[in-house]
1. In the range 100-120, which residue that is in contact (Cβ under 8 Å) with a residue 24 or more places away in the chain and away from the ligand (no atom under 16 Å from the Cβ) is nearest to VAL41 (Cα to Cα)?
2. Cβ-Cβ distance below 8 Å, separation of 6 or more or different chains: which pairs start in the range 136-157 with a residue that is under 16 Å from PHE50 (Cβ atoms) and end on one that is among the aliphatic types (A, V, I, L, M) and part of a helix (DSSP H, G or I)?
3. May I ask you to verify whether GLY62 is modelled with pLDDT under 95, surrounded by 13 or more Cβ atoms within 10 Å (Cβ to Cβ) and within 16 Å of the ligand (Cβ to nearest atom)?
4. With respect to the numbered conditions (1) out of contact with any Pro (no Cβ under 9 Å at 6 or more places or on another chain); (2) closer than 19 Å to PHE22 by Cα, which one is the sole condition not fulfilled by GLU72?
5. Residue pairs, Cβ under 6 Å, 6 or more apart or interchain, first in the range 57-82 and basic (Lys, Arg), second within 12 Å of the ligand (Cβ to nearest atom) and assigned to a strand (DSSP E or B). List them.
6. Hey, could you check the range 6-39 for residues that are among the hydroxyl-bearing types (Ser, Thr, Tyr) and not in a strand (DSSP E or B) and say which is modelled with the lowest pLDDT?
7. If a residue has to be closer than 24 Å to GLN146 by Cα, of a type outside the set (Val, Ile, Thr) and part of a loop (DSSP other than H, G, I, E, B) to count, how many in the range 40-78 make the cut?
8. Any idea which residue in the range 38-50 is nearest to the ligand (Cβ to nearest atom), counting only those that are under 19 Å from VAL135 (Cβ atoms) and out of contact with any Gly (no Cβ under 8 Å at 6 or more places or on another chain)?
Amino acid sequence: MKNRLWALALALLGSIAESHEFKAGDIRVVHPYAVPSLAGVANGQGFVDFTNRGAVSDSLMGVSTPAAQRVEIHEMKMDGAVMRMRELTSVTIAPGQTVRMADSGLHLMLMSLKAPFKVGDKIPVTLKFARAGDVRIEMWVQDKAQGGKAMHEHHQK
Ligand SMILES: [Cu+2]
C-alpha cells in the first residue's frame, strides 16, 4: 500500500514537472503546446496561454517559427450551426488578464509545416508583442488532452 502511494505521488510529481513557461517583460507564457499534425494535412495547430503582469495593456501582433511557412492567429466561432475560423490581426491583453487560447476559441495555425509535428517535438516560436517585444518560446508537441492538462495545472501555480 505504502509503495503504491509513493508510486502515485511520484507519478503526480512527474506530470506536474512536465510543463514549462517563458517570461519576457511583463508577459508570462504558460506551457505552450502544439498537437501532432494529421497525416496528409499541411497545417499544424498550437495553443499558447499568456498573462500580462504589467500595468498597461499589450498586444500579440504576430507569430513566427522556422517550422512553418507562416503562422496565423485563428478564432473559431459558431455561425448558426457552422463552425467558422477567421484570422485575427492581433490579440490585445489587458493588465492582469490571461488569454487562454483553447477556452476562448483561439489557436495558432501553423501554415505549411516543414515537417509533420510528432509527439515529443519541440518547436521554437517567436511571439511579437507591441510592448514586451519578441518573446521566444518552445511549443511542445503533445496530444491535446495531455497538453491541455499540463497547461491547466501550470495555471494553478
Ligand atoms: Cu485555424
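1. PRO116
2. Cβ pairs passing all conditions: GLY148/ALA102; MET151/ALA102.
3. No, not satisfied.
4. (2)
5. So the pair list comes out as ARG70/MET111; LYS77/ARG84.
6. So the residue we want is SER15.
7. So the answer is 4.
8. GLY46
The values are calculated or read from the model by the stated rules, or taken from the named source; none is laboratory data. A quick note: this is a predicted structure, and the numbers were derived from the prediction, not measured. Counting neighbours? That spans all protein chains shown, and the Cβs are built from the backbone with ideal geometry, glycine included.
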